[in-house]
1. Answer yes or no as to whether Met356 is farther than 25 Å from Asp295 by Cβ, surrounded by 15 or more Cβ atoms within 10 Å (Cβ to Cβ) and modelled with pLDDT of 90 or more.
2. Identify the residue in the range 40-56 that is near the ligand (Cβ under 8 Å from one of its atoms) and among the hydroxyl-bearing types (Ser, Thr, Tyr) and, among all such residues, is farthest from Thr114 (Cα to Cα).
3. How about the range 167-197: which of its residues are closer than 30 Å to Leu409 by Cα, more than 16 Å from the ligand (Cβ to nearest atom) and touching a residue at least 12 places away in the same chain (Cβ under 8 Å)?
4. If you check Ala383, Ala392, Ala410, which single one turns out to be of a type in the set (A, V, I, L, M) and not in a strand (DSSP E or B)?
5. Take Glu92 and tell me if it is at pLDDT 75 or above and more than 14 Å from the ligand (Cβ to nearest atom).
6. Looking at the range 379-408 only, could you name the residues that are buried (at least 16 other Cβ atoms within 10 Å of the Cβ) and out of contact with any Ser or Thr (no Cβ under 9 Å at 6 or more places or on another chain)?
7. Given (1) buried (at least 18 other Cβ atoms within 10 Å of the Cβ); (2) among the polar types (S, T, N, Q); (3) away from the ligand (no atom under 16 Å from the Cβ); (4) at pLDDT below 90, where does Thr204 come up short, assuming only one miss?
8. Tell me which residues, restricted to the range 1-58, are under 25 Å from the mean Cα position of the chain (by Cα), farther than 26 Å from Pro259 by Cβ, in contact (Cβ under 8 Å) with a residue 12 or more places away in the chain and part of a loop (DSSP other than H, G, I, E, B).
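The values are calculated or read from the model by the stated rules, or taken from the named source; none is laboratory data. What you see is a predicted model; the values in this text were computed from it and never measured. Cβ sites come from the backbone with ideal geometry, for glycine too, and all protein chains shown count toward neighbours.
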Amino acid sequence: ITVSNTAELERVAKTRKNLDVAEEYKKLKTKENANFVVIGHVDAGKSTLMGRLLYDLGVVDERTLKKYKQEAEKIGKSSFAFAWVLDQTSEERSRGVTIDIASNKFETENCSYTILDAPGHKDFIPNMIAGASQADFAVLVIDSTTGEFETGFNFRGQTKEHTLLVRSMGVQRIIVAVNKLDNANWSSARFEEITAQIGQFLTTAGFNPKNVSFVPCSGLTGANVTKKPKEGLIPWYTGGTLVDELEKTKPSKRAIEKPFRLTVADVFRGGVMHPVSVAGRVDAGSVQVGDILVDMPTGERAAVKAIEVDDEQRDWAIAGHNAVLHLAGIEIDHIRQGDILCDPTHPIPAVSSFNMKILAFESITPMMVDIHRGRLNTAGRVAKMIAVYDKATGTVTKKKPRHILAGGLASITVQVDNGPGVIGGGTIPVEVGTRIVLRAFGQTVAAGLVEA
Ligand code: GDP
């Protein structure tokens with residue numbers, strides 16, 4: 001095994017300007033950046049709504065949209081034009097530098113936003129897991145068409161699964177877009193019916209009502225997405241547009257003072273000057289040019305030669321930024337998607353087992369599972385069941401349960417399998433608060449946060 005190139009590390013370390021990054025950040029007064037996931041049943045209108053948002057905010061120009069409209073009409077699906085806006089943007093990104101999971105960006109007056117995940121992808125749940133593990137909040141899109149809302153919300157619909165997933169991953173704020181209300185004649189009764197049902201469900205799912213808002217809208221017509229519809233369309237509605245609600249959403253508290261963590265979303269050759277580059281979100285702390293980092297779980301060191309934030313060259317990046325780091329002293333095949341770049345004095349531990357508090361989606365017994373941590377996934381099993389809690393009060397109702405019922409809240413111990421070829425030799429980088437999803441048989445069986 002080749003290890004980190006020490007001479008190279010030392011050379012780059014000399015370029016460090018020893019900045020006080022927290023101070024620099026205050027001086028810069030850049031817009032806050034918030035990341036969110038878009039969730040909801042298939043065909044709820046997620047892509048169309050996001051495409052409309054990007055178009056109305058000027059991310060995509062008139063000519064491009066016209067081209068999509070023509071192409072869409074050719075195949076007899078004129079309504080697809082807006083959804084293509086979103087797809088196209090992610091595709092363009094994937095040609096160049098992919099920051100995050102097919103991310104799409106836009107700005108409002110006060111904040112810049114990244115849409116994590118590409119809604120509508122076939123492999124949606126794994127994508128969403130990766131997105132939810134970095135989200136500051138979620139936008140839940142509901143199809144208010146008669147019958148469709150019910151299908152999405154009931155039993156096998158995805159509305160509940162997605163919502164529970166983001167909640168159990170620690171996402172606290174949710175904006176509910178009561179979409180396609182054009183199909184329901186902009187009926188206030190329909191809006192209220194949906195609001196009541198979803199509201200009740202969100203409360204039992206553990207969302208604080210003060211962190212939940214509802215917006216009636218139509219991604220297709222654009223009503224109430226970025227602007228209020230022309231007079232009379234929704235006379236009964238006095239609240240804000242979808243963008244107004246986004247703007248009310250302050251990014252969650254930034255862990256600026258914590259040790260540096262960046263989850264690697266992408267590894268690539270960033271050009272002749274930059275043979276090893278990574279993209280990802282700074283989860284905690286800060287980084288500056290000249291810093292030496294350690295990659296976990298491999299334990300290899302790398303030096304930061306250059307940094308880009310929002311496609312601009314920078315001396316530093318801070319928690320919340322989606323950044324590209326150009327690295328030296330490490331080989332490209334020694335760093336993988338899902339690895340965590342860390343402050344070498346406080347690296348994230350790579351552990352072979354950990355405890356987590358879960359929300360069970362299916363009934364849980366000691367069983368084999370796939371452990372998903374963002375984009376990283378590895379084989380493991382539920383080794384111990386510690387306790388089951390009352391969902392309302394959080395008090396222990398049973399210690400050492402023999403199984404956990406679907407819907408239950410519980411603590412368990414997860415063991416990483418150390419079979420051949422397992423990343424990190426049977427360990428996974430986690431620490432208290434890491435968002436983890438457990439899957440089995442192609443289904444999400446539980447999700448939650450690592451605890452002590
Ligand atoms: P996704 O699977 O959630 O991303 O849904 P899409 O954005 O692909 O939309 C699914 C279907 O619903 C498409 O045929 C859209 O044209 C249609 N649709 C999306 N938004 C609206 C809306 O606001 N009103 C109406 N009437 N139809 C919509």
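1. Values: farther than 25 Å from Asp295 by Cβ: no; surrounded by 15 or more Cβ atoms within 10 Å (Cβ to Cβ): yes; modelled with pLDDT of 90 or more: yes.
Criteria not met by Met356.
2. Thr48
3. Arg167, Ser168, Met169, Gly170, Val171, Gln172, Arg173, Ile174, Thr195, Gln197
4. Numbers: Ala383 fails: not in a strand (DSSP E or B); Ala410 fails: not in a strand (DSSP E or B).
Being of a type in the set (A, V, I, L, M) and not in a strand (DSSP E or B) holds for just one of Ala383, Ala392, Ala410, which is Ala392.
5. Numbers: at pLDDT 75 or above: no; more than 14 Å from the ligand (Cβ to nearest atom): yes.
It is false that Glu92 is at pLDDT 75 or above and more than 14 Å from the ligand (Cβ to nearest atom).
6. Listed by number, the residues that qualify are Ala379, Arg381, Pro401.
7. Unmet condition: (1).
8. The answer is Gly40, His41, Val42, Asp43, Ala44, Gly45, Leu57.
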